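*Asks:* Mind looking over this structure? Questions follow.
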Ligand code: ADP
Ligand code: ZN
């Protein structure tokens, strides 16, 4: 290293201590900061809570120039600006019409270390703003939550896709993209959309070893609410805070009420509350005056609370990316914490609900694929951590983590070849044109109109599966999908099911009277 570099490294360390109060960089932080200081484009992919923000917060302080950070949400920027100001770091955000003109003028005079802005703002400020900023001195252009660039991400934002325009306006400035979403498609989309030149890609481990992962299936109703309240009171005994994420505002209100009736006090947070009430809820939770928060996902971006001990999902999120990010808000302090996901089957057939009118075919497909992966995670009989990490493209060293429900309680297994034969044969009779409901209804002997119309009531298999519930058959189907006997196909926002080559082989072996045994786990839905 040259003398200039080593004195810069010393300055970095000094700033880390004086401005942030940390004694050491995490290994990748140092490298990313050095890359940025050398003017290189960077892609930083790291789990939530791993400390990505520091990577763009330090360089501006080292060189005494402004760092620009694009961020998707005002609330997120407000939190960050507040935290930075508390550390004596000059910071503001652009994107709110009330304060923009003052902030803009100050920024042009180089008064900020870090200036946040929405992607909309970044694409709409006049070129003269950028040239004044450049004259005053700017050192990086960071794109936070960069997965919003990709149609394959779970939060696509059109304006994120236009940020490349700024490359010509800001030549030679390092672009730094940061995200906790690591799928290969999203990664390459970020690089190409931002026209990154020879980017330094830094990918950290996604493993949150202190988090326990567990999944339970449930049916909506008062019975389950009682069970949930019992579960929650058990968690409370272990101290710390709990977030309960619901998929709808209706669920938020219902759980809040159930807790209230059980004498457990909780806060509430969702998008339809007014701003003041939301801020108050947020404040009470952060200050430990409320131990439980029942909320929609409107609550969360930018929550940096170290002692959240449990994140419970009541209803499955739309993707594993969302799940990992939301559940990842617990245990930031490194202490053992738990993530429970409660799901019902209907969670997985909500693709139309997530697909707006304006979505392209690619986006609709991405939504379907995300939901299917989430479903797979729920139906899993093997290690959850290993599945999650593999899904995010990380090779997990072992197939048993010892810290998830499936690793701790090994599932009972039994020979289900008879049942599997019935299901596969029925699906074959439907000739791959249908989703799972049709064959299951046939097996259960339904005489619904759609069955009579297709004359499926005449099939010899009709009614042969009455002894099991429809959820039981669907749980079996999930196992057969994950073991490769069945294949799910996407047709727009719907799914059809068909038999794979492996499934064919199994069917034929049974027909030839030399049935292969098929031992499957007895999952919680069975
Ligand atoms: P991310 O953006 O990756 O989700 P954050 O930047 O919010 O993560 O950082 C998560 C937590 O880790 C914050 O509380 C932050 O202050 C802390 N942190 C970051 N870097 C360090 C470090 N080098 N030493 C100690 N704590 C750190
Ligand atoms: Zn495990």
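Nothing in this text is a laboratory measurement; each read-out follows from the coordinates by a stated rule. Nothing here was measured: the structure is a model prediction, and the numbers come from that model. Heads up, the Cβs are rebuilt from the backbone with ideal geometry, glycines too, and the neighbour counts pull from every protein chain shown.
*Asks:* Could you tell me the distance between the Cα centroids of segment 235-311 and segment 169-186, to the nearest Å?
*Replies:* A separation of 33 Å, based on Cα centres.
*Asks:* I need the peptides 18-26, 207-215 ranked by packing, meaning the mean over residues of other C-beta atoms within 10 angstrom, with the highest value on top.
*Replies:* Result, highest mean Cβ count within 10 Å first: 207-215, 18-26.
*Asks:* Taking the Cα centre of each part, how many Å lie between segment 466-494 and segment 367-429?
*Replies:* 12 Å
*Asks:* Output needed: percent of Cα pairs per 5 Å distance bin for segment 238-293, bins running from 0 to the one holding the longest distance.
*Replies:* Taking every Cα pair in segment 238-293, the percentages come to 4, 19, 28, 29, 16, 3, 0.
*Asks:* Give me the angle, in degrees from 0 to 90, between the Cα long axis of helix 184-193 and the longest principal axis of the Cα atoms of the chain, rounded to the nearest 10.
*Replies:* It works out to around 40 degrees.
*Asks:* If you find the alpha carbon centre of segment 200-216 and of segment 46-111, how far apart are they in angstrom?
*Replies:* 27 Å
*Asks:* Here is a further query. Go ahead and estimate [θ] at 222 nm for the chain from helices alone: -39,500 (n - 2.57) per DSSP H run with n ≥ 4, summed, over the residue count, rounded to 500.
*Replies:* -12500 deg cm²/dmol
*Asks:* Give the dimensionless ratio obtained when the Cα radius of gyration of segment 341-445 is divided by 2.2 N^0.38 Å.
*Replies:* My calculation over the Cα atoms of segment 341-445 gives 1.33.
*Asks:* If you don't mind, there's one more thing I want to ask. Nearest 10 degrees is fine. How inclined is helix 470-482 to the longest principal axis of the chain, computing both from alpha carbons?
*Replies:* 60 degrees
*Asks:* Right, here's the next one. Just order 422-428, 462-468, 251-257 by mean Cβ neighbour count inside 10 Å, highest at the front, would you?
*Replies:* Result, highest mean first: 422-428, 251-257, 462-468.
*Asks:* Another question, then. Express the C-alpha Rg of segment 221-374 as a ratio against the empirical globular expectation 2.2 N^0.38 Å, rounded to two decimals.
*Replies:* The reported ratio for this selection is 1.06.
*Asks:* Right, next: Return P(r) of segment 100-194 (all Cα-Cα pairs; 5 Å bins starting at 0; whole %; ordered from short to long distances).
*Replies:* With 5 Å bins starting at 0, P(r) equals 2, 13, 24, 23, 17, 11, 7, 2, 0.
*Asks:* Mind sorting 36, 264 by how few other Cβ atoms lie within 10 Å of their own Cβ, fewest first?
*Replies:* Ascending number of Cβ neighbours within 10 Å: 264, 36.
*Asks:* Continuing with the same structure: Counting other C-beta atoms within 10 Å, which of 186, 522, 229 has the fewest, and how do the rest follow?
*Replies:* In increasing order of surrounding Cβ atoms, one gets 522, 229, 186.
*Asks:* Across 10 Å bins from 0, what is the distribution of all Cα-Cα pair distances for segment 48-105, in whole percents?
*Replies:* So the P(r) values, bin by bin, are 19, 57, 23, 2.
*Asks:* Another one. Report the rotationally averaged projected area of segment 12-151 based on its alpha-carbon convex hull, in square nanometres.
*Replies:* 8.5 nm²
*Asks:* How many percent of all Cα-Cα pairs in the chain sit more than 36 Å apart?
*Replies:* 40 percent
*Asks:* Quick one: helix 361-379 against the long Cα principal axis of the chain, what's the angle to the nearest 10°, folded into 0 to 90?
*Replies:* Helix 361-379 sits at roughly 70 degrees to that axis.
*Asks:* Over the chain, what is the mean sequence separation of C-alpha contacts under 8 Å (at least six apart), divided by residue count, expressed as relative contact order in percent?
*Replies:* Reported as a whole number, the value is 12 percent.
*Asks:* If you scale each eigenvalue of the Cα gyration tensor by 5 and take the root, what three semi-axes come out for segment 384-526, rounded to whole angstrom and sorted largest first?
*Replies:* Its equivalent ellipsoid spans semi-axes of 30, 17, 15 Å.
*Asks:* Sticking with this structure for a sec: Below 8 Å, C-alpha to C-alpha, sequence gap of six or more: please give me the relative contact order for segment 1-66 in percent.
*Replies:* Contact order relative to length: 34 percent.
*Asks:* Follow-up. What are the semi-axes of the equivalent ellipsoid for segment 186-300, taken as the square roots of 5 times the Cα gyration tensor eigenvalues, largest first, in whole Å?
*Replies:* 34, 19, 16
*Asks:* Further question: Only bridges with both residues in the chain count here: give the DSSP antiparallel percent, nearest 5.
*Replies:* Rounded to the nearest five, the antiparallel share is 15 percent.
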